[in-house]
Structure formats: structure tokens, C-alpha cells
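A quick write-up on the structure given underneath.
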Amino acid sequence: MCQGSVARTFDSQVWAGIQYRFKYLHLLTRQALHWSDLIASSDKQQNSQLTALSDTERKRREAVWELFKSECVFLIDHLMVLKHCFMEPLKKVQVEGSLMYAEPQDLFGNLDELSYVSYTFCKDFIAALLKDMSIDDFGRTNVLLKAFQRFSAHSRDGAVYHSYCLNYTNALAYLEKLRSNSEFAEFEKWCEQDPRCNRLQLTDLLVAPMQHCTKLPLLLHNVRKYTADEDERQLVAESIEKVEASLKQLEEKMRWIKNFERVQEIQRQIVWPTVTELDPRCVIPESLKAGLSKQPCERLLSCPKRQLLHEGQITLVETPKPLDVHMFLFDDILLITKSKKIPRKSKQSVSEVSAGQPDRASYVVLRQPLALDRFLLHDVSTNDAAASGIKNCFVLVHISRYQQVTGVFTFQAACENTKSTWLTQIREAMDAYARATASSVANTGSASTTTTTTTANSTSMTRGESFREHQDNSCSGANSNNNNISINHNQIMSTSANGDLGLTGQLDGQVFSSPQDQSSQAPPLPPPRRSGALLTFTSPPRSLQYGRSNSMRAAPTKSRSMDAVFI
């Protein structure tokens, strides 16, 4: 874009800002008034009528006026200051060729859209109040509801606030990055000297929309509290429910983003030991060393649907000495790692310290991921812990899909509260995973029943046709399996979109695949029987022992597929 067009764009933006500034000037005069001042009359009779108002009606009018004043303060003292004291000056200096590396959109988000929504609400609200105002009637419920209906329409049921709040964390991180440049730091200090800032810093203004959207339900609750008519109270309550539902959606979005960012951070920091590190005694031919130099599960945590439920430091009790580990509890697996700090490079230490970045850390996986349906949780009582000399401990018994106990992990927490937290989180995660698995099996079973019924009612074919069709299906099934991934010596990993790990490839021309055949999946674990402090396992039915169960054919293999790697 040429310099003239940039200047014209800037001139149009400044002119729009000037118009915007003059449009909301009339709100400044309203902001300083009291609701009784709006009823401008010198008639003593009307003044006596104002005095004769009931205490409940007076408090209701105060609550309605407080709602309007709160929105005016938010618009004039926060949004407009953020716009005219920071964003517009930044755009102006960029037109002049300075601070070209700063992106206003990344720092201020959808500030213009947010300002328009707030200004429209204030304008419509005060216009409706003045239109239907009288001594006997001020701030009626229908006036308030009409203003909120327009507010919901302009804000798209709070989606405008959602966009700003979801960008807030990234905006703060971007601001810290910009502050590392002395030129921008000087510009920020210059902007904060504007008297309209009223000693508020840029970070104070950026957080204002998040604080304001949480105030709306409280202000509406106050209006409803002093509304006498039951029907009007119900209408205000419906508006409150709508605002609170929007805030709940915002909280869920922010929680999901926080979880996603943390899981991706763990994915970047996780270190999976190679097969030679796990088993130094194994012998690998030279032709396979390149293909087995990495673990197929390196992208195990990249699934965006995976939820991190709990994490923390805990002690793994083993011989010859206990080991401090960092444990991650996800919604489908439990990961035991050892934390290892990576020292900063000397050349980057000064910049990273100035930016407030701590030492980087990595997590080395100590044991294979434990699927939540492949271990049993045992709480060690105080007496048993005293007898063994280990306080605040609990035990995980890992069982393979062939009903073999493959590991026993004894964990010791720092205190009883930490132990209780871990036990509660793990039990809740195991229960939720069991419910999800049962629901998936039930849904797949019903779909299989429908397919079987449809096949039984179809036209019969000759044996030759059936045999040829069976051959075609077998070939197509083999082709579909081979389409997952083709692995040479340089690659041995494939992770599906939902986090499942399927191995299919070639080594020296020989096709191999992980045991994804549902008919060979392991039967569910039988519930343990407790006998004092001991755990005893019931023997599974004979049909399950020999793998003839149909109930597990459709069971999800997201976590069980890890057995193909480690077992």
C-alpha cells in the first residue's frame, strides 16, 4: 500500500474517532447526574411526590440508575481511554514510520467492536429512560429489557466479550514482548501521562472488559431484588439467566484454551526414551536402528481433545532409593515422568531474564503410560503405612490386557491432603473413563445390531458371488489398514486425529501392523476383591479367557494401543 493511501486510511480512522468522541460527550453530563435530577421540575408538589416514594421503589430506581452509570464509566473511563490514549496514537506513529513491528489487533483485540456495543447500550438506555420518565414511573422493567435485548443483539449474546476475553492472555504476553523494546516502552510511558488515563496503566485498562462483564449479573440481581411485581421479577430473572449462561460459556472456552495450551506445552517438553534406553540388553539389527531410533508415541499428547485433570510432584518409592517424579493425570492415561531442568544458554540468559522466563524444563518418561482401565488403585491405611514405615502413600497395580500384573507403583505424598487430592482425582478420572467406554461400546453395539438386521433382510447371493465379495472385502480391508501410514527406516510413528496410536508400515519390505484387530482385544478387568489390606483378583469367565467375547470388539483402543508399543 502506498504512503498516500495509508495516510488517507489514517485520516478516515481519526475522523471516525473524532465523530465517536463527540457522540458520547452528552453521556458525560448524564454520568454525573442523579436519577432524580432527570425529573427536572421546580414544582413543590412533584418534589413532595418524590419524597413520598416507598423505600423499595427508591432502591429499585437507584439500582436501575447504577446499571446505567456503571456502563457509562466503563465506556468513557476505560474503553475510550484505551482507544484514544493508546490505540489511536499507536496507529498515528505507525503512519509516520515508527513502531511498525507492533500489531494493534494483537494488543487491543476487538476494542472497536466492544466500544460500539457499550456506546449503543448507553445511548439506547438513556433515550428509553427519558422517553418514558415521569414522577410515578421511572426505569420501568420493559424499558430495561428492551435495552438489554438490543445489547444482546449487538453483542451477539456476549460473543463480542468472548472474543476480547479469549485474546486477553495472548495480549498480555504480546505486551511483555513489546516492552522488551525500549522504543515501545518509552511510547507506553508517554501515553500513560495523558490526564484522561487518571493514573491507570495500560494493563489496568486492558483487564477492564473482563471485570465489567462479570458485574452485569450482579447489577441485574440488585434490580430484581427491589422489583415488587412478580411478573417483572420473572422477566428480569430470565435476563440474568441469559447473561450468566453467556459467562458460563466464556469460562468453558477459557478453561479449554488453558488446558489446550498446557497440554501442548507438555507435549513440547516431554522426552520419550528410545527402546535401547528402556532395554539396554536388546539387540537391534543395523537395518532397523534408524527406524527404531524414535518412539512411535512421541505425538501421543497432541490430541486437542485430551484433558489434563491433575499434575504435581510426588515420590515414587522404589529400591535402592525413592525417586521424585512429576505425574500427569489425563482423562485417559496416567503419565509418570522425571523432571529435568534445561539450563539457559549464556547468550540468551540476559534477554530471557529480562523477559521473566524461567529455566526450561523437560519431563523424561519413566514408565509406559498407564491407561485408566489398566490399573487398580489401593489406598494404604495409616496402620499399614506405619508398619511399612511409609506415610501418606497409595499403590497402583498395573495389569496388562492378559490379566498379568506387570508393575506395582507405591507413591508417597508430601502430606495427607496431597494424597487425598491424588486419590480423588484418579478415582473420578477412572469412573469417567469407564462411563465413556461403556457408552461407546453400547452405541457401537446398537449400530452393529442394525447392520446385522439389514444384512439378514438383503437378497441372498450364490456361494461363488459371496466368495468373490469376501475376497474383495478382505483386499479392501487390507488396503485400508495399509493406508494409515507407510513406514520406511526413517519413520515408525503414526498418530490419528483423536489421539489413537496405530502402527502400520514396512520394515525391509515386510508389512506389519499393531494389534488393532478388535477380536484380539483384551477382556475388561474383573473387579478386585478386598481382603483386609490385600487385593485378590477374580478369575474371568472361560469365554473371556480364550478371547471369544464379543462385548469388547467395539471398545475404544485409544489407550490400549499403547500396549503394542511397550508390551
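So that you can scan it fast, the table gives a plain yes or no per residue for (1) in contact (Cβ under 8 Å) with a residue 24 or more places away in the chain; (2) closer than 19 Å to residue 100 by Cα; (3) assigned to a loop (DSSP other than H, G, I, E, B):
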residue: 152; (1), (2), (3): yes, no, no
residue: 157; (1), (2), (3): yes, no, yes
residue: 160; (1), (2), (3): yes, no, no
residue: 167; (1), (2), (3): yes, no, no
residue: 177; (1), (2), (3): yes, yes, no
residue: 185; (1), (2), (3): no, yes, no
residue: 191; (1), (2), (3): yes, yes, no
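Can you find a residue in the stretch 338-349 that is open to solvent by less than 40 Å² (accessible area, probe 1.4 Å), modelled with pLDDT of 85 or more, polar (S, T, N, Q) and under 29 Å from residue 305 (Cβ atoms)? Step through it out loud before you land on a result.
Start the filter on the stretch 338-349 by keeping residues that are open to solvent by less than 40 Å² (accessible area, probe 1.4 Å), which leaves 349.
Keeping just the survivors that are modelled with pLDDT of 85 or more gives none.
Checking the stretch 338-349: not a single residue is open to solvent by less than 40 Å² (accessible area, probe 1.4 Å), modelled with pLDDT of 85 or more, polar (S, T, N, Q) and under 29 Å from residue 305 (Cβ atoms).
Looking only at the stretch 78-127, count every residue that is aliphatic (A, V, I, L, M) and under 25 Å from residue 158 (Cα atoms) and tell me the total.
Going through the stretch 78-127, the residues aliphatic (A, V, I, L, M) turn out to be 79-82, 87, 90, 93, 95, 99-100, 102, 107, 111, 114, 117, 126-127.
Those left that are additionally under 25 Å from residue 158 (Cα atoms): 79-82, 87, 107, 111, 114, 117, 126-127.
Qualifying residue count, the stretch 78-127: 11.
Which of the residues spanning the stretch 276-300 are over 25 Å from residue 329 (Cβ atoms) and touching a strand residue (DSSP E or B) at 6+ places or on another chain (Cβ under 7 Å)? First the steps, then the outcome.
Going through the stretch 276-300, the residues over 25 Å from residue 329 (Cβ atoms) turn out to be 276, 279-294.
The answer is 288, 291.
I'm checking my understanding of the structure. Among residues of the stretch 235-257 that are under 16 Å from the mean Cα position of the chain (by Cα) and free of Cβ contacts under 8 Å to residues at least 24 places away in the same chain, which one is most open to solvent (accessible area, probe 1.4 Å)?
If we take residues in the stretch 235-257 being under 16 Å from the mean Cα position of the chain (by Cα) and free of Cβ contacts under 8 Å to residues at least 24 places away in the same chain, then 255 is most open to solvent (accessible area, probe 1.4 Å).
Show the residue pairs that are 6+ apart or on different chains and have beta-carbon atoms under 6 Å apart, the first residue being within the stretch 60-84 and within 26 Å of residue 226 (Cβ to Cβ) and of a type in the set (Phe, Trp, Tyr), the second being in a helix (DSSP H, G or I) and at pLDDT below 90.
Within 6 Å, the pairs are 65/35; 68/125.
Table: residues versus (1) more than 30 Å from residue 309 (Cα to Cα); (2) open to solvent by 20 Å² or more (accessible area, probe 1.4 Å); (3) acidic (Asp, Glu); (4) within 24 Å of the chain's Cα centre (by Cα).
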site	(1), (2), (3), (4)
203	yes, yes, no, yes
210	no, yes, no, yes
217	no, no, no, yes
232	yes, yes, yes, no
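Is it the case that residue 128 is within 30 Å of residue 226 (Cβ to Cβ) and in a helix (DSSP H, G or I)? Break it down stepwise before answering.
Values: within 30 Å of residue 226 (Cβ to Cβ): yes; in a helix (DSSP H, G or I): yes.
Yes, satisfied.
Quick one: how many residues across the stretch 95-111 are open to solvent by 10 Å² or more (accessible area, probe 1.4 Å), part of a helix (DSSP H, G or I) and in contact with a helix residue (DSSP H, G or I) (Cβ under 8 Å, 6 or more places away or on another chain)?
Looking only at that region, the number is 3.
All but one of (1) surrounded by 15 or more Cβ atoms within 10 Å (Cβ to Cβ); (2) outside any helix (DSSP H, G or I); (3) free of Cβ contacts under 8 Å to residues at least 40 places away in the same chain hold for residue 408; state the number of the condition that does not hold.
Status for residue 408: all satisfied but (1).
Does residue 273 satisfy being part of a loop (DSSP other than H, G, I, E, B) and touching a strand residue (DSSP E or B) at 6+ places or on another chain (Cβ under 7 Å)? Explain how you work it out, then say what you get.
Numbers: part of a loop (DSSP other than H, G, I, E, B): yes; touching a strand residue (DSSP E or B) at 6+ places or on another chain (Cβ under 7 Å): yes.
The answer is yes for residue 273.
Name the one entry in 166, 178, 114 that is surrounded by 14 or more Cβ atoms within 10 Å (Cβ to Cβ), of a type in the set (A, V, I, L, M, F, W, C), out of contact with any Gly (no Cβ under 9 Å at 6 or more places or on another chain) and within 15 Å of residue 210 (Cβ to Cβ). Reasoning before the result, please.
On the way: 166 fails: out of contact with any Gly (no Cβ under 9 Å at 6 or more places or on another chain); 178 fails: within 15 Å of residue 210 (Cβ to Cβ).
Only one candidate qualifies: 114.
Please verify whether the stretch 128-146 includes one or more residues that are touching a residue at least 60 places away in the same chain (Cβ under 8 Å), open to solvent by 50 Å² or more (accessible area, probe 1.4 Å) and acidic (Asp, Glu).
Yes, the conditions are met somewhere in the stretch 128-146.
From the list 270, 333, pick out the single residue that is touching a Pro at 6+ places or on another chain (Cβ under 8 Å) and either surrounded by 12 or more Cβ atoms within 10 Å (Cβ to Cβ) or within 19 Å of residue 436 (Cβ to Cβ) (or both). Show your work before the answer.
Numbers: 270 fails: touching a Pro at 6+ places or on another chain (Cβ under 8 Å).
Step by step, each of 270, 333 is checked, and only 333 is touching a Pro at 6+ places or on another chain (Cβ under 8 Å) and either surrounded by 12 or more Cβ atoms within 10 Å (Cβ to Cβ) or within 19 Å of residue 436 (Cβ to Cβ) (or both).
Of all residues in the stretch 356-376, which are surrounded by 15 or more Cβ atoms within 10 Å (Cβ to Cβ) and either assigned to a loop (DSSP other than H, G, I, E, B) or in contact with a helix residue (DSSP H, G or I) (Cβ under 8 Å, 6 or more places away or on another chain) (or both)?
First, pick out the residues of the stretch 356-376 that are surrounded by 15 or more Cβ atoms within 10 Å (Cβ to Cβ): 363-376.
Within the stretch 356-376, 363, 366, 367, 368, 369, 371, 372, 373, 374 qualify.
Are there any pairs with C-beta distances below 9 angstrom linking a residue in the stretch 274-294 that is within 21 Å of residue 364 (Cβ to Cβ) to a residue that is of a type in the set (D, E, K, R) and surrounded by 14 or more Cβ atoms within 10 Å (Cβ to Cβ), with the two at least 6 apart or on different chains, and if so which?
Sorted first by the residue in the stretch 274-294, then by its partner, the pairs are 274/294.
The values are calculated or read from the model by the stated rules, or taken from the named source; none is laboratory data. None of these values were measured; they are calculated from a predicted model. In this analysis, Cβ positions are derived from the backbone assuming ideal geometry, glycine residues included, and neighbour counts consider all displayed protein chains. SASA here: full protein model, heavy atoms, side chains in, ligands and nucleic acids out. Shrake-Rupley method; radii C 1.70, N 1.55, O 1.52, S 1.80 Å.
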